[in-house]
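Working notes, structure below.
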Protein chains: 2
Amino acid sequence: MNLKQLSHMLSLSQTTVSRALNGYPEVSEETRRRVMDAAKRHGYRPNPSARRLATGKSGMIGYVLPTGAAVDIDPHFVEFLSGLGDYARSHELDLVLSPADADDEETTYRRIVANRQVDAVYISSPRPADRRLALVNTLGIPFIAHGRSEGLDFDYPYLDIDNEGAFHEAARLLLQLGHKRLALINGNERETFAIHRERGVRRALAASGMTLGERHIRSVTMTEENGYRAARRLLEDGEPPTAIVCSSLIMALGVVRAVRDLGLTIPGDLSLIAHDDVFPWLRPENFPVPLSTTRSSIRLAGARVAERLAARISGLEEGARGEVWPVDLVVRGSVAGAPV
Amino acid sequence: MNLKQLSHMLSLSQTTVSRALNGYPEVSEETRRRVMDAAKRHGYRPNPSARRLATGKSGMIGYVLPTGAAVDIDPHFVEFLSGLGDYARSHELDLVLSPADADDEETTYRRIVANRQVDAVYISSPRPADRRLALVNTLGIPFIAHGRSEGLDFDYPYLDIDNEGAFHEAARLLLQLGHKRLALINGNERETFAIHRERGVRRALAASGMTLGERHIRSVTMTEENGYRAARRLLEDGEPPTAIVCSSLIMALGVVRAVRDLGLTIPGDLSLIAHDDVFPWLRPENFPVPLSTTRSSIRLAGARVAERLAARISGLEEGARGEVWPVDLVVRGSVAGAPV
DNA sequence: AGAGCGTTCCAAAGCGCTTTGGCTGACTTG
DNA sequence: CAAGTCAGCCAAAGCGCTTTGGAACGCTCT
């Protein structure tokens with residue numbers, strides 16, 4: 001059943017039927033109703049390929065997926081996707097993942113824009129001066145960044161959580177509990193979120209007249225193993241920290257293991273707070289000692305990004321609106337006063 | 001630059017240019033070369049929307065993503081995706097994720113097929129008598145299942161690992177080490193892979209004249225918490241197992257925690273083997289006691305599925321070819337002889 | 001020389017939609 | 001009452017590609 005047949009059936013022109021269906025004003029209400037009815041009754045669905053050729057709109061949102069033998073997709077991605085899907089599903093929006101060589105994403109961005117394969121894209125975890133943002137900005141395709149960049153000479157729309165605030169609060173709590181030696185096990189230092197978190201911790205320390213020494217900060221890819229190594233190095237130091245703030249639950253697993261291996265205890269010898277993006281399969285309350293966290297559902301962020309992307313596509317949202325979500329500090333058993 | 005302009009430029013018809021570019025035989029080699037040259041020089045790229053309308057082929061592969069508030073996407077998905085992307089990238093194949101209500105995926109499958117949105121789909125972890133397989137099979141779209149179903153009255157192409165064999169080997173090893181009380185912490189019992197794994201364990205036990213008692217098998221969703229609970233229930237039983245085979249690394253985390261909480265040790269009191277899909281961020285060799293595993297890279301599977309999907313799209317692969325990959329049994333410190 | 005054939009190209013008809021630029025007829029306006 | 005306005009509809013021209021059904025040409029063969 002295509003437009004031609006449907007319009008013939010109604011003794012109307014394709015023009016009128018098309019307009020009736022797409023809510024254009026130049027068609028009488030009665031005709032519109034008649035058309036809508038017939039369309040529903042015959043299960044007419046406009047052919048997306050045809051519509052796409054005619055309009056240049058695809059009804060899909062895009063994501064360029066960096067791949068390569070040495071590239072690991074962040075496990076958070078799947079949760080973000082869940083949220084995105086939650087929204088997209090109810091709006092018949094599809095998501096197209098365009099795998100790209102991690103060393104040359106630009107080509108892929110250009111391709112999907114030139115081909116008009118998607119109506120909008122989202123960009124995850126932009127780094128400082130992220131080239132992808134500059135690129136999509138000049139290419140003129142609607143987009144939203146999940147996370148922020150720094151040092152760009154233009155504004156852009158984004159959704160981010162208050163990483164700095166979250167880690168500021170976490171550090172402040174630890175300081176209030178009397179800890180004098182704080183350490184930070186952070187994500188890769190090239191990531192903006194890691195920079196913000198470090199900033200938060202530094203700000204809290206500064207407020208108490210302290211600083212974060214070189215030796216008390218580790219920036220690594222967020223794996224269990226790296227968490228372990230970082231923690232060992234910190235704890236085996238001459239002046240080991242009495243409290244650690246850690247950028248992910250997965251790394252926290254490694255920290256806990258290191259603490260055990262060294263015969264120490266949480267929170268007796270070490271207080272620990274980690275950031276929790278809320279995984280269904282690994283929950284901080286189930287850590288050997290329930291883990292205090294700065295919590296923010298990455299899933300909700302996914303849904304919100306999808307929603308805003310849809311709004312941008314339909315022109316409801318414009319400009320470089322930034323949105324920063326507050327982060328909860330959830331205190332559980334893993335923090336205590338500094339050891340004497 | 002479109003076909004019309006290019007052909008005008010060459011003083012050829014659109015037909016000829018199109019055929020030259022697409023490798024049809026009815027064009028002379030000289031003309032083809034001339035066309036190819038000009039196309040490359042002017043950076044001509046056929047408009048995919050137009051091509052798609054004309055041919056009905058989209059150059060994309062599809063995946064229906066079940067979503068919903070209560071639905072969690074399997075974290076393995078992201079690794080599978082990595083592999084898929086590795087292959088797809090080099091072939092300019094995109095992947096479209098169509099989010100669907102988890103309770104009604106059928107509508108979405110019908111839509112993407114009717115709309116010819118994708119040239120092929122893959123279906124993950126089919127369950128026994130999986131309706132999706134029956135559906136795509138009748139809809140006639142090329143597909144490949146990652147995993148197997150059971151009890152279907154037709155054959156279908158799939159890629160699976162030898163779950164039964166893997167768990168058979170794991171159980172056999174434990175039996176050889178003198179363990180008399182084996183337990184299995186499995187994935188959801190409705191999943192085919194869980195059924196196969198159970199079958200493998202039972203077969204090994206049967207070969208030694210033993211059986212797997214009701215109390216010694218747990219089938220749960222694969223989270224850390226469920227691993228913990230299952231292990232506690234097993235180990236606090238009157239006749240606790242001396243060895244556990246476990247369906248995932250994430251659950252194994254929970255098992256290890258339970259063992260600790262109960263004041264037991266691995267492998268002194270309990271031997272443990274888990275299945276490892278190979279995550280970059282959680283490695284069995286880094287468990288408190290290095291974990292023995294049945295190992296199979298889900299990432300490689302993703303790449304292979306993409307490859308076969310591409311082959312099916314281009315007609316190079318046909319029929320219901322099944323492919324079963326062997327699984328490595330990697331022995332590490334977590335297994336030992338049965339306690340006396 | 002004329003029929004027959006294979007090669008190489010072309011014009012035009014799709015694919016199914018949106019959108020431009022009118023056309024009609026009824027209704028207001030001075 | 002003529003001119004202007006406006007709602008409501010339509011024909012046809014795109015969008016840029018593939019593919020069908022020839023046509024033209026040069027060749028071989030009888």
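Report whether or not B:Ser124 is among the polar types (S, T, N, Q), under 23 Å from A:Ala69 (Cβ atoms) and facing chain A (nearest Cβ under 9 Å). So B:Ser124 does not fit the description; no. The single condition among (1) under 28 Å from B:Phe287 (Cβ atoms); (2) under 30 Å from the mean Cα position of the chain (by Cα); (3) more than 13 Å from chain B (Cβ to nearest Cβ); (4) acidic (Asp, Glu) that A:Glu224 does not satisfy is (3). Can you confirm whether region B:75-96 contains a residue that is touching a Gly at 6+ places or on another chain (Cβ under 9 Å) and within 16 Å of DNA strand D (Cβ to nearest atom)? Yes, the conditions are met somewhere in region B:75-96. Among the residues of region A:29-47, just one is more than 10 Å from every other protein chain (Cβ to nearest Cβ), loosely packed, with under 14 Cβ neighbours inside 10 Å and within 12 Å of DNA strand C (Cβ to nearest atom), namely A:His42. Determine the pairs where a residue that is at positive phi, located within region A:165-178, has a partner that is not in a helix (DSSP H, G or I) with Cβ atoms under 8 Å apart, the partner being 6 or more residues away or on another chain. Filtered contacts from region A:165-178: A:Gly178/A:Gly337; A:Gly178/A:Ala338. Please verify whether A:Ala258 is aliphatic (A, V, I, L, M), away from chain B (no Cβ under 11 Å) and under 17 Å from B:Val256 (Cα atoms), treating the condition exactly as stated. For A:Ala258, the condition - aliphatic (A, V, I, L, M), away from chain B (no Cβ under 11 Å) and under 17 Å from B:Val256 (Cα atoms) - is not met. Selection within region A:48-75: residues that are loosely packed, with under 15 Cβ neighbours inside 10 Å and aliphatic (A, V, I, L, M). The member of this set that is farthest from DNA strand C (Cβ to nearest atom) is A:Ala70.
Determine which single condition B:Ala320 fails, assuming it passes every other condition in (1) within 13 Å of another protein chain (Cβ to nearest Cβ); (2) surrounded by fewer than 17 Cβ atoms within 10 Å (Cβ to Cβ). The failed condition is (1).
Summed over region A:48-71, the residues that are under 16 Å from the mean Cα position of the chain (by Cα) and within 8 Å of another protein chain (Cβ to nearest Cβ) give a count of 1.
The set of residues in region A:7-20 being more than 7 Å from DNA strand C (Cβ to nearest atom) and touching a residue at least 12 places away in the same chain (Cβ under 8 Å) consists of A:Met9, A:Leu10, A:Leu12, A:Thr16, A:Val17, A:Ala20. Considered as a group, the residues in region A:76-118 that are polar (S, T, N, Q) and surrounded by fewer than 19 Cβ atoms within 10 Å (Cβ to Cβ) include one that is farthest from the other protein chains (Cβ to nearest Cβ), and that residue is A:Thr107.
Where a number appears in this text, it was derived from the coordinates with a stated rule and is not lab data. These numbers come from a predicted model, not from an experiment. Cβ coordinates were reconstructed from backbone atoms using ideal geometry, including for glycine residues, and neighbour counts include every protein chain displayed.
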